[in-house]
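Okay, so here's the structure we're looking at.
The values are calculated or read from the model by the stated rules, or taken from the named source; none is laboratory data. It should be emphasised that the depicted structure is a prediction, and the values quoted were computed from it without experimental measurement. Cβ sites come from the backbone with ideal geometry, for glycine too, and all protein chains shown count toward neighbours.
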Amino acid sequence: MNNFQTILAAVFLAFFVFAVLIFSGMIKIGDSSSNSTNLKGKVVVWGTLSSPELYKVFESATGDNRDLYISYVKKSSASYQQELIEAFASNKGPDLFFITPDMIIKNQDFFYKVPYENYPEKAYRNSFIDGAEIFLDTEGTIGFPVVVDPMVMYYNKNMLSNEGIAVPPVYWNELFNLSSRLTKTENNGAVKESMIALGRYDNVSHSKEILATFLLQSNNPIVEKEKDGGYVPVLDDNRSSFSLEEILNFLMEFSNPSNLSYSWNRSLPNSTDMFTSGKLAFYLGKASELFKIQSTNPNLSFDVTEMLQTKGATKRTNGDIYAIAVSSRSKNPSMAFSVAGLLSSDEVVQSFSNALSLPPALKSLLSKKPIDPYLYTFSNSAIITRSWVDPNPIATDNIFGELFNNILSNKLEVGSAISRAQDQLEQVIK
(Lines give C-alpha, C1' and ligand atoms only; values in the text may rest on other atoms or scores of the structure.)
Protein backbone atom coordinates (compact mmCIF):
# COMPACT_ATOMS: atom_id res chain seq x y z
CA MET A 1 0.00 0.00 0.00
CA ASN A 2 1.49 3.35 -1.02
CA ASN A 3 1.57 6.44 1.22
CA PHE A 4 -1.55 7.94 -0.32
CA GLN A 5 -3.54 4.77 0.24
CA THR A 6 -2.26 4.53 3.80
CA ILE A 7 -3.32 8.10 4.56
CA LEU A 8 -6.68 7.59 2.86
CA ALA A 9 -7.30 4.45 4.89
CA ALA A 10 -6.42 6.30 8.08
CA VAL A 11 -8.79 9.11 7.20
CA PHE A 12 -11.70 6.77 6.57
CA LEU A 13 -10.90 4.89 9.76
CA ALA A 14 -10.96 8.14 11.71
CA PHE A 15 -14.27 9.14 10.14
CA PHE A 16 -15.68 5.69 10.89
CA VAL A 17 -14.64 5.90 14.54
CA PHE A 18 -16.01 9.41 14.78
CA ALA A 19 -19.31 8.36 13.17
CA VAL A 20 -19.64 5.45 15.61
CA LEU A 21 -18.97 7.74 18.56
CA ILE A 22 -21.52 10.29 17.34
CA PHE A 23 -24.32 7.87 16.63
CA SER A 24 -23.65 5.82 19.74
CA GLY A 25 -24.17 9.01 21.73
CA MET A 26 -20.61 9.15 23.06
CA ILE A 27 -19.88 12.37 21.20
CA LYS A 28 -22.55 15.03 20.95
CA ILE A 29 -21.13 18.21 19.49
CA GLY A 30 -22.88 21.15 21.11
CA ASP A 31 -24.06 18.97 24.02
CA SER A 32 -22.48 19.10 27.47
CA SER A 33 -23.21 15.42 27.99
CA SER A 34 -20.21 14.64 25.79
CA ASN A 35 -18.13 14.99 28.99
CA SER A 36 -19.18 11.43 29.83
CA THR A 37 -16.85 9.90 27.24
CA ASN A 38 -14.00 7.68 28.44
CA LEU A 39 -10.96 9.24 26.77
CA LYS A 40 -7.27 8.66 27.37
CA GLY A 41 -4.14 10.32 26.05
CA LYS A 42 -2.82 13.77 25.19
CA VAL A 43 -4.30 16.20 22.69
CA VAL A 44 -2.45 19.38 21.71
CA VAL A 45 -4.45 22.50 20.81
CA TRP A 46 -3.00 25.65 19.25
CA GLY A 47 -4.62 29.08 19.10
CA THR A 48 -4.21 32.81 19.56
CA LEU A 49 -6.94 33.29 22.17
CA SER A 50 -5.55 34.57 25.44
CA SER A 51 -6.90 34.84 28.96
CA PRO A 52 -5.55 33.99 32.44
CA GLU A 53 -8.57 31.71 32.89
CA LEU A 54 -8.26 29.93 29.54
CA TYR A 55 -5.92 27.18 30.71
CA LYS A 56 -8.34 26.31 33.52
CA VAL A 57 -11.07 25.84 30.91
CA PHE A 58 -9.00 23.22 29.11
CA GLU A 59 -8.22 21.48 32.40
CA SER A 60 -11.88 21.30 33.41
CA ALA A 61 -12.99 20.30 29.89
CA THR A 62 -11.62 16.80 30.45
CA GLY A 63 -14.50 16.17 32.87
CA ASP A 64 -14.44 12.63 34.24
CA ASN A 65 -11.72 11.61 31.78
CA ARG A 66 -8.90 11.42 34.31
CA ASP A 67 -6.44 9.98 31.79
CA LEU A 68 -7.08 12.72 29.22
CA TYR A 69 -4.73 15.71 29.01
CA ILE A 70 -5.52 18.70 26.79
CA SER A 71 -2.50 20.94 26.22
CA TYR A 72 -3.25 24.45 24.97
CA VAL A 73 -0.38 26.32 23.29
CA LYS A 74 -0.89 30.07 22.93
CA LYS A 75 0.57 31.49 19.71
CA SER A 76 1.20 35.04 18.51
CA SER A 77 -1.36 36.30 16.00
CA ALA A 78 1.44 37.71 13.84
CA SER A 79 3.23 34.37 13.36
CA TYR A 80 0.41 31.86 13.93
CA GLN A 81 -0.24 30.92 10.31
CA GLN A 82 3.44 30.52 9.47
CA GLU A 83 4.04 28.42 12.56
CA LEU A 84 1.17 26.14 11.57
CA ILE A 85 2.59 25.65 8.08
CA GLU A 86 6.07 24.87 9.39
CA ALA A 87 4.79 22.56 12.13
CA PHE A 88 2.56 20.56 9.81
CA ALA A 89 5.39 20.30 7.26
CA SER A 90 7.59 18.67 9.89
CA ASN A 91 4.78 16.52 11.37
CA LYS A 92 4.95 18.42 14.66
CA GLY A 93 1.68 20.27 14.39
CA PRO A 94 -1.22 20.27 16.86
CA ASP A 95 -4.12 17.81 16.89
CA LEU A 96 -6.63 20.67 17.05
CA PHE A 97 -6.21 24.33 16.19
CA PHE A 98 -8.38 27.41 16.47
CA ILE A 99 -9.27 29.06 13.18
CA THR A 100 -11.09 32.17 12.01
CA PRO A 101 -12.63 32.61 8.53
CA ASP A 102 -9.50 34.36 7.24
CA MET A 103 -7.64 31.06 7.71
CA ILE A 104 -9.93 28.89 5.59
CA ILE A 105 -8.20 29.19 2.21
CA LYS A 106 -4.65 28.89 3.53
CA ASN A 107 -5.34 25.78 5.57
CA GLN A 108 -7.36 23.66 3.16
CA ASP A 109 -4.75 20.88 3.30
CA PHE A 110 -4.67 20.85 7.10
CA PHE A 111 -8.38 20.30 7.84
CA TYR A 112 -10.15 17.04 8.48
CA LYS A 113 -13.55 17.77 6.93
CA VAL A 114 -16.24 15.91 8.85
CA PRO A 115 -18.60 14.41 6.23
CA TYR A 116 -22.24 15.41 6.43
CA GLU A 117 -23.13 11.72 6.59
CA ASN A 118 -21.41 11.66 9.98
CA TYR A 119 -22.44 15.09 11.22
CA PRO A 120 -25.48 16.38 9.27
CA GLU A 121 -25.45 19.94 8.00
CA LYS A 122 -28.90 20.50 9.54
CA ALA A 123 -27.61 19.52 12.99
CA TYR A 124 -24.72 21.94 12.60
CA ARG A 125 -26.98 24.82 11.54
CA ASN A 126 -29.33 24.11 14.42
CA SER A 127 -26.47 24.26 16.92
CA PHE A 128 -24.41 27.28 15.83
CA ILE A 129 -25.07 30.89 14.84
CA ASP A 130 -26.02 31.54 11.23
CA GLY A 131 -22.66 33.16 10.55
CA ALA A 132 -21.00 29.83 11.36
CA GLU A 133 -22.10 28.48 7.97
CA ILE A 134 -18.82 29.92 6.67
CA PHE A 135 -17.16 26.77 8.06
CA LEU A 136 -19.39 24.48 6.00
CA ASP A 137 -17.39 23.12 3.08
CA THR A 138 -18.78 21.23 0.12
CA GLU A 139 -17.17 18.08 1.52
CA GLY A 140 -18.11 18.56 5.16
CA THR A 141 -17.62 20.64 8.29
CA ILE A 142 -14.18 22.18 8.80
CA GLY A 143 -14.63 23.86 12.16
CA PHE A 144 -16.79 23.88 15.28
CA PRO A 145 -17.41 27.47 16.47
CA VAL A 146 -16.76 28.39 20.08
CA VAL A 147 -16.82 32.19 20.59
CA VAL A 148 -17.55 35.31 18.54
CA ASP A 149 -15.80 38.69 18.52
CA PRO A 150 -18.29 41.01 16.79
CA MET A 151 -17.84 44.58 15.63
CA VAL A 152 -19.86 46.92 17.85
CA MET A 153 -20.19 50.66 18.41
CA TYR A 154 -18.74 52.25 21.54
CA TYR A 155 -19.97 55.75 22.34
CA ASN A 156 -18.94 58.61 24.59
CA LYS A 157 -21.88 59.25 26.93
CA ASN A 158 -20.73 62.71 27.96
CA MET A 159 -20.37 63.97 24.39
CA LEU A 160 -23.91 62.81 23.60
CA SER A 161 -25.52 64.13 26.77
CA ASN A 162 -23.80 67.51 26.38
CA GLU A 163 -25.66 67.90 23.09
CA GLY A 164 -28.97 66.61 24.44
CA ILE A 165 -28.72 63.33 22.52
CA ALA A 166 -30.52 60.73 24.61
CA VAL A 167 -29.71 57.59 22.64
CA PRO A 168 -27.05 56.69 20.05
CA PRO A 169 -28.09 56.30 16.40
CA VAL A 170 -29.23 52.96 15.01
CA TYR A 171 -28.77 53.60 11.28
CA TRP A 172 -25.84 54.97 9.29
CA ASN A 173 -27.87 57.76 7.71
CA GLU A 174 -28.73 59.16 11.16
CA LEU A 175 -25.12 60.35 11.38
CA PHE A 176 -25.85 63.15 8.90
CA ASN A 177 -28.14 64.83 11.46
CA LEU A 178 -25.64 64.54 14.31
CA SER A 179 -22.35 65.65 12.78
CA SER A 180 -22.88 69.40 13.20
CA ARG A 181 -23.61 68.85 16.90
CA LEU A 182 -20.84 66.39 17.72
CA THR A 183 -17.94 67.53 15.53
CA LYS A 184 -16.16 70.55 17.00
CA THR A 185 -13.56 72.60 15.12
CA GLU A 186 -10.98 75.24 16.01
CA ASN A 187 -11.11 78.75 14.49
CA ASN A 188 -8.73 77.57 11.77
CA GLY A 189 -11.04 74.68 10.88
CA ALA A 190 -8.99 71.94 12.57
CA VAL A 191 -11.12 69.17 14.10
CA LYS A 192 -10.75 69.02 17.90
CA GLU A 193 -13.69 66.70 18.62
CA SER A 194 -15.14 64.29 16.09
CA MET A 195 -18.44 62.50 15.69
CA ILE A 196 -17.07 59.38 13.98
CA ALA A 197 -13.97 58.15 12.15
CA LEU A 198 -15.09 57.33 8.60
CA GLY A 199 -13.94 58.17 5.11
CA ARG A 200 -10.24 57.47 5.47
CA TYR A 201 -8.29 54.25 5.93
CA ASP A 202 -4.87 54.60 7.52
CA ASN A 203 -5.86 56.29 10.79
CA VAL A 204 -9.21 54.50 11.21
CA SER A 205 -8.96 51.38 13.37
CA HIS A 206 -10.65 48.34 11.82
CA SER A 207 -11.15 50.20 8.55
CA LYS A 208 -11.22 46.90 6.64
CA GLU A 209 -13.78 45.46 9.05
CA ILE A 210 -15.94 48.58 8.72
CA LEU A 211 -15.93 48.32 4.93
CA ALA A 212 -16.70 44.60 5.20
CA THR A 213 -19.60 45.41 7.52
CA PHE A 214 -21.19 47.63 4.87
CA LEU A 215 -20.72 44.96 2.21
CA LEU A 216 -22.09 42.15 4.38
CA GLN A 217 -25.09 44.29 5.34
CA SER A 218 -25.84 44.65 1.64
CA ASN A 219 -25.65 40.85 1.21
CA ASN A 220 -22.29 40.96 -0.57
CA PRO A 221 -20.10 38.02 0.59
CA ILE A 222 -16.95 39.79 -0.75
CA VAL A 223 -15.41 36.42 -1.66
CA GLU A 224 -17.71 33.69 -2.92
CA LYS A 225 -17.21 29.95 -3.11
CA GLU A 226 -17.96 28.31 -6.45
CA LYS A 227 -19.46 24.87 -6.97
CA ASP A 228 -16.07 23.42 -7.89
CA GLY A 229 -14.68 24.50 -4.51
CA GLY A 230 -12.73 27.51 -5.77
CA TYR A 231 -13.11 31.09 -4.58
CA VAL A 232 -13.79 34.27 -6.56
CA PRO A 233 -13.98 37.93 -5.48
CA VAL A 234 -17.35 39.66 -5.84
CA LEU A 235 -16.54 43.15 -4.56
CA ASP A 236 -19.08 44.84 -6.78
CA ASP A 237 -21.72 42.12 -6.82
CA ASN A 238 -24.76 43.37 -8.75
CA ARG A 239 -27.00 41.18 -6.56
CA SER A 240 -26.19 43.32 -3.52
CA SER A 241 -28.66 45.74 -1.95
CA PHE A 242 -26.11 48.53 -2.28
CA SER A 243 -23.13 48.64 -4.62
CA LEU A 244 -19.59 49.13 -3.39
CA GLU A 245 -19.51 52.43 -5.26
CA GLU A 246 -22.54 53.65 -3.28
CA ILE A 247 -20.89 52.53 -0.04
CA LEU A 248 -17.61 54.31 -0.82
CA ASN A 249 -19.39 57.50 -1.83
CA PHE A 250 -21.25 57.41 1.48
CA LEU A 251 -18.03 56.95 3.47
CA MET A 252 -16.24 59.76 1.64
CA GLU A 253 -18.92 62.19 2.87
CA PHE A 254 -17.30 62.14 6.31
CA SER A 255 -13.80 63.05 5.12
CA ASN A 256 -14.80 65.84 2.73
CA PRO A 257 -14.29 69.25 4.43
CA SER A 258 -16.91 70.84 2.18
CA ASN A 259 -19.69 68.55 3.45
CA LEU A 260 -21.86 69.19 6.52
CA SER A 261 -21.12 65.62 7.69
CA TYR A 262 -17.35 66.21 7.69
CA SER A 263 -15.79 64.72 10.85
CA TRP A 264 -12.50 63.04 9.98
CA ASN A 265 -9.19 63.78 8.26
CA ARG A 266 -5.70 62.33 7.92
CA SER A 267 -4.12 64.71 10.46
CA LEU A 268 -6.13 63.26 13.34
CA PRO A 269 -4.71 60.55 15.61
CA ASN A 270 -5.74 56.92 15.27
CA SER A 271 -9.46 56.54 16.00
CA THR A 272 -8.80 54.27 19.01
CA ASP A 273 -6.62 56.94 20.64
CA MET A 274 -9.12 59.65 19.73
CA PHE A 275 -11.89 57.74 21.50
CA THR A 276 -9.93 56.85 24.63
CA SER A 277 -8.86 60.51 24.94
CA GLY A 278 -12.54 61.48 25.08
CA LYS A 279 -12.63 63.33 21.74
CA LEU A 280 -14.55 60.87 19.55
CA ALA A 281 -18.28 60.34 19.99
CA PHE A 282 -18.66 57.01 18.19
CA TYR A 283 -15.95 54.36 17.92
CA LEU A 284 -16.43 51.28 15.74
CA GLY A 285 -14.42 48.47 17.27
CA LYS A 286 -14.41 44.87 18.43
CA ALA A 287 -16.05 43.47 21.53
CA SER A 288 -12.63 42.20 22.64
CA GLU A 289 -11.40 45.80 22.99
CA LEU A 290 -13.61 46.54 25.99
CA PHE A 291 -10.98 45.97 28.68
CA LYS A 292 -8.29 47.80 26.71
CA ILE A 293 -10.53 50.87 26.47
CA GLN A 294 -11.33 50.68 30.17
CA SER A 295 -7.69 50.35 31.21
CA THR A 296 -6.44 53.07 28.85
CA ASN A 297 -8.78 55.67 30.32
CA PRO A 298 -10.55 54.54 33.52
CA ASN A 299 -12.32 57.92 33.70
CA LEU A 300 -13.89 57.67 30.25
CA SER A 301 -17.68 57.63 30.44
CA PHE A 302 -18.73 55.29 27.64
CA ASP A 303 -21.14 52.56 26.74
CA VAL A 304 -21.54 50.12 23.87
CA THR A 305 -24.36 49.29 21.47
CA GLU A 306 -24.84 47.21 18.37
CA MET A 307 -23.16 48.17 15.11
CA LEU A 308 -24.90 50.81 12.99
CA GLN A 309 -27.15 49.31 10.33
CA THR A 310 -28.08 50.13 6.75
CA LYS A 311 -31.75 51.06 6.65
CA GLY A 312 -33.73 48.64 4.53
CA ALA A 313 -30.93 46.06 4.50
CA THR A 314 -30.28 42.85 6.40
CA LYS A 315 -29.31 43.41 10.03
CA ARG A 316 -25.70 42.31 10.31
CA THR A 317 -22.29 43.11 11.71
CA ASN A 318 -18.85 41.85 10.79
CA GLY A 319 -16.78 39.87 13.27
CA ASP A 320 -14.34 37.07 13.99
CA ILE A 321 -15.77 33.62 14.64
CA TYR A 322 -13.32 31.34 16.43
CA ALA A 323 -13.77 27.66 15.63
CA ILE A 324 -11.93 24.45 16.50
CA ALA A 325 -10.54 22.56 13.51
CA VAL A 326 -9.28 18.99 13.54
CA SER A 327 -5.87 18.61 11.97
CA SER A 328 -5.53 16.24 9.04
CA ARG A 329 -1.99 15.63 10.28
CA SER A 330 -3.01 14.53 13.78
CA LYS A 331 -1.38 11.28 14.89
CA ASN A 332 -4.54 10.39 16.80
CA PRO A 333 -7.47 11.66 14.68
CA SER A 334 -10.22 9.74 16.50
CA MET A 335 -9.08 11.21 19.82
CA ALA A 336 -8.85 14.68 18.25
CA PHE A 337 -12.44 14.40 16.99
CA SER A 338 -13.61 13.29 20.43
CA VAL A 339 -11.94 16.26 22.14
CA ALA A 340 -13.37 18.61 19.50
CA GLY A 341 -16.76 17.34 20.65
CA LEU A 342 -15.88 18.06 24.26
CA LEU A 343 -14.61 21.57 23.54
CA SER A 344 -17.71 22.54 21.55
CA SER A 345 -20.19 21.29 24.15
CA ASP A 346 -22.54 23.72 25.90
CA GLU A 347 -20.75 23.61 29.24
CA VAL A 348 -17.24 24.12 27.87
CA VAL A 349 -18.26 26.77 25.34
CA GLN A 350 -19.89 28.70 28.18
CA SER A 351 -16.61 28.44 30.09
CA PHE A 352 -14.71 29.76 27.06
CA SER A 353 -17.20 32.63 26.84
CA ASN A 354 -16.78 33.49 30.53
CA ALA A 355 -12.97 33.30 30.40
CA LEU A 356 -12.70 35.51 27.31
CA SER A 357 -15.67 37.83 28.01
CA LEU A 358 -16.85 37.09 24.48
CA PRO A 359 -20.25 35.73 23.43
CA PRO A 360 -20.62 32.02 22.64
CA ALA A 361 -21.29 30.72 19.14
CA LEU A 362 -23.93 28.22 20.28
CA LYS A 363 -27.57 29.21 19.77
CA SER A 364 -28.61 27.39 22.92
CA LEU A 365 -26.36 29.63 25.03
CA LEU A 366 -27.21 32.86 23.21
CA SER A 367 -30.88 32.33 24.03
CA LYS A 368 -29.97 33.02 27.67
CA LYS A 369 -29.25 36.74 27.87
CA PRO A 370 -26.37 37.72 30.22
CA ILE A 371 -26.94 40.18 33.04
CA ASP A 372 -23.78 42.20 32.33
CA PRO A 373 -24.83 45.13 30.07
CA TYR A 374 -21.73 44.90 27.89
CA LEU A 375 -22.05 41.14 27.40
CA TYR A 376 -25.76 41.61 26.71
CA THR A 377 -24.89 43.79 23.71
CA PHE A 378 -22.08 41.48 22.63
CA SER A 379 -24.44 38.48 22.69
CA ASN A 380 -27.04 40.24 20.58
CA SER A 381 -24.28 41.23 18.17
CA ALA A 382 -23.02 37.64 17.95
CA ILE A 383 -26.40 36.53 16.61
CA ILE A 384 -26.10 38.88 13.62
CA THR A 385 -22.35 38.41 13.09
CA ARG A 386 -21.15 37.41 9.63
CA SER A 387 -17.63 37.06 8.31
CA TRP A 388 -15.97 36.53 4.95
CA VAL A 389 -13.31 34.26 3.52
CA ASP A 390 -10.38 36.67 3.58
CA PRO A 391 -7.63 34.96 1.52
CA ASN A 392 -4.74 36.92 3.05
CA PRO A 393 -5.43 39.52 5.77
CA ILE A 394 -2.26 41.54 5.16
CA ALA A 395 -2.65 41.60 1.39
CA THR A 396 -6.34 42.52 1.50
CA ASP A 397 -5.65 45.27 4.01
CA ASN A 398 -3.22 46.76 1.50
CA ILE A 399 -5.73 46.36 -1.33
CA PHE A 400 -8.52 48.14 0.53
CA GLY A 401 -6.12 50.83 1.73
CA GLU A 402 -5.05 51.48 -1.85
CA LEU A 403 -8.72 51.53 -2.89
CA PHE A 404 -9.41 54.38 -0.46
CA ASN A 405 -6.23 56.27 -1.32
CA ASN A 406 -6.85 56.04 -5.07
CA ILE A 407 -10.23 57.69 -4.55
CA LEU A 408 -9.15 60.27 -1.96
CA SER A 409 -6.19 61.40 -4.06
CA ASN A 410 -8.33 61.52 -7.23
CA LYS A 411 -5.86 59.15 -8.82
CA LEU A 412 -8.73 56.98 -10.06
CA GLU A 413 -12.47 57.35 -10.44
CA VAL A 414 -14.44 55.29 -7.94
CA GLY A 415 -15.45 52.70 -10.53
CA SER A 416 -11.89 52.29 -11.80
CA ALA A 417 -10.54 52.02 -8.27
CA ILE A 418 -13.04 49.25 -7.52
CA SER A 419 -12.10 47.36 -10.70
CA ARG A 420 -8.43 47.54 -9.73
CA ALA A 421 -9.19 46.25 -6.22
CA GLN A 422 -11.27 43.43 -7.71
CA ASP A 423 -8.36 42.38 -9.94
CA GLN A 424 -5.89 42.57 -7.07
CA LEU A 425 -8.14 40.47 -4.83
CA GLU A 426 -8.48 37.87 -7.56
CA GLN A 427 -4.69 37.62 -7.83
CA VAL A 428 -4.35 37.16 -4.07
CA ILE A 429 -6.88 34.31 -4.15
CA LYS A 430 -5.07 32.63 -7.02
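Taking the criterion of being assigned to a loop (DSSP other than H, G, I, E, B) and in contact (Cβ under 8 Å) with a residue 24 or more places away in the chain, the residues of region 125-168 that qualify are ILE129, ASP137, THR138, GLU139, GLY140, ILE142, GLY143, PRO168. Would it be correct to say that ALA281 is crowded, with 18+ Cβ neighbours inside 10 Å, in the same structural domain as ASN203 (by TED's automatic domain parsing), more than 20 Å from the chain's Cα centre (by Cα) and not in a loop (DSSP other than H, G, I, E, B)? The answer is yes for ALA281. Comparison of GLY341, GLY401 shows that the only residue that is in contact (Cβ under 8 Å) with a residue 40 or more places away in the chain, farther than 21 Å from LEU290 by Cα and in the same structural domain as ALA212 (by TED's automatic domain parsing) is GLY401.
Among the residues of region 267-278, write down those that are crowded, with 20+ Cβ neighbours inside 10 Å and touching a helix residue (DSSP H, G or I) at 6+ places or on another chain (Cβ under 8 Å).
LEU268, THR272, PHE275, THR276
Looking for something modelled with pLDDT under 95 and not assigned by TED's automatic domain parsing to the domain that holds ARG239 - is there at least one such residue anywhere in region 312-329? Scanning region 312-329, I find at least one residue that is modelled with pLDDT under 95 and not assigned by TED's automatic domain parsing to the domain that holds ARG239, so the answer is yes.
Let me confirm something: among ASN91, ASN162, ASN158, which residue is assigned by TED's automatic domain parsing to the domain that holds TYR374 and surrounded by fewer than 22 Cβ atoms within 10 Å (Cβ to Cβ)? Full working, then the answer.
Working: ASN162 fails: assigned by TED's automatic domain parsing to the domain that holds TYR374; ASN158 fails: assigned by TED's automatic domain parsing to the domain that holds TYR374.
Of ASN91, ASN162, ASN158, the one residue that is assigned by TED's automatic domain parsing to the domain that holds TYR374 and surrounded by fewer than 22 Cβ atoms within 10 Å (Cβ to Cβ) is ASN91.
Scanning region 290-323 for residues that are among the charged types (D, E, K, R) and under 17 Å from the mean Cα position of the chain (by Cα) yields GLU306, LYS315, ARG316, ASP320. Assessment of region 324-342 against the conditions (part of a strand (DSSP E or B), under 19 Å from the mean Cα position of the chain (by Cα), small (Gly, Ala, Ser) and surrounded by 24 or more Cβ atoms within 10 Å (Cβ to Cβ)) yields at least one matching residue. Out of SER207, SER267, SER261, SER255, report the one residue that is farther than 19 Å from SER409 by Cα, of a type in the set (S, T, N, Q) and assigned by TED's automatic domain parsing to the domain that holds SER419. Just one listed residue meets the conditions, SER261.
Just a yes or no: is a residue in region 411-419 part of a loop (DSSP other than H, G, I, E, B), farther than 25 Å from GLU289 by Cα and not charged (D, E, K, R)? So far as region 411-419 goes, yes, one or more of its residues are part of a loop (DSSP other than H, G, I, E, B), farther than 25 Å from GLU289 by Cα and not charged (D, E, K, R). For LYS369, the criteria (1) farther than 26 Å from ALA78 by Cβ; (2) touching an Asp or Glu at 6+ places or on another chain (Cβ under 8 Å); (3) in a loop (DSSP other than H, G, I, E, B) hold in every case but one, which is (2).
Here's the yes/no breakdown for (1) in contact (Cβ under 8 Å) with a residue 24 or more places away in the chain; (2) closer than 20 Å to TRP172 by Cβ; (3) in a loop (DSSP other than H, G, I, E, B); (4) basic (Lys, Arg):
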{"residue": "GLU245", "(1), (2), (3), (4)": "yes, yes, no, no"}
{"residue": "SER261", "(1), (2), (3), (4)": "yes, yes, yes, no"}
{"residue": "PRO269", "(1), (2), (3), (4)": "yes, no, yes, no"}
{"residue": "PHE275", "(1), (2), (3), (4)": "yes, yes, no, no"}
{"residue": "SER295", "(1), (2), (3), (4)": "no, no, no, no"}
{"residue": "ASP303", "(1), (2), (3), (4)": "yes, yes, no, no"}
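So, ASN380, is that one not aliphatic (A, V, I, L, M) and not assigned by TED's automatic domain parsing to the domain that holds PHE97 or not? Considered against the rule, which asks whether it is not aliphatic (A, V, I, L, M) and not assigned by TED's automatic domain parsing to the domain that holds PHE97, ASN380 comes out as no. Note on region 37-60: among residues that are among the polar types (S, T, N, Q) and touching a helix residue (DSSP H, G or I) at 6+ places or on another chain (Cβ under 9 Å), the one that is surrounded by the most Cβ atoms within 10 Å (Cβ to Cβ) is THR37. If the condition is being more than 15 Å from ASN256 (Cα to Cα), of a type in the set (D, E, K, R) and either touching a residue at least 24 places away in the same chain (Cβ under 8 Å) or part of a helix (DSSP H, G or I) (or both), then region 175-208 contributes ARG181, LYS192, GLU193, ASP202, LYS208.
Confirm whether LYS315 is basic (Lys, Arg) and surrounded by 16 or more Cβ atoms within 10 Å (Cβ to Cβ). For LYS315, the condition - basic (Lys, Arg) and surrounded by 16 or more Cβ atoms within 10 Å (Cβ to Cβ) - is not met.
Scanning region 392-411 for residues that are crowded, with 17+ Cβ neighbours inside 10 Å and either at pLDDT below 95 or within 14 Å of the chain's Cα centre (by Cα) (or both) yields a count of 0.
Of these, LEU215, LEU235, which one is modelled with pLDDT of 95 or more, surrounded by 17 or more Cβ atoms within 10 Å (Cβ to Cβ) and closer than 19 Å to ILE418 by Cβ? It is LEU215.
Of all residues in region 59-79, one or more are among the β-branched types (Val, Ile, Thr) and part of a strand (DSSP E or B).
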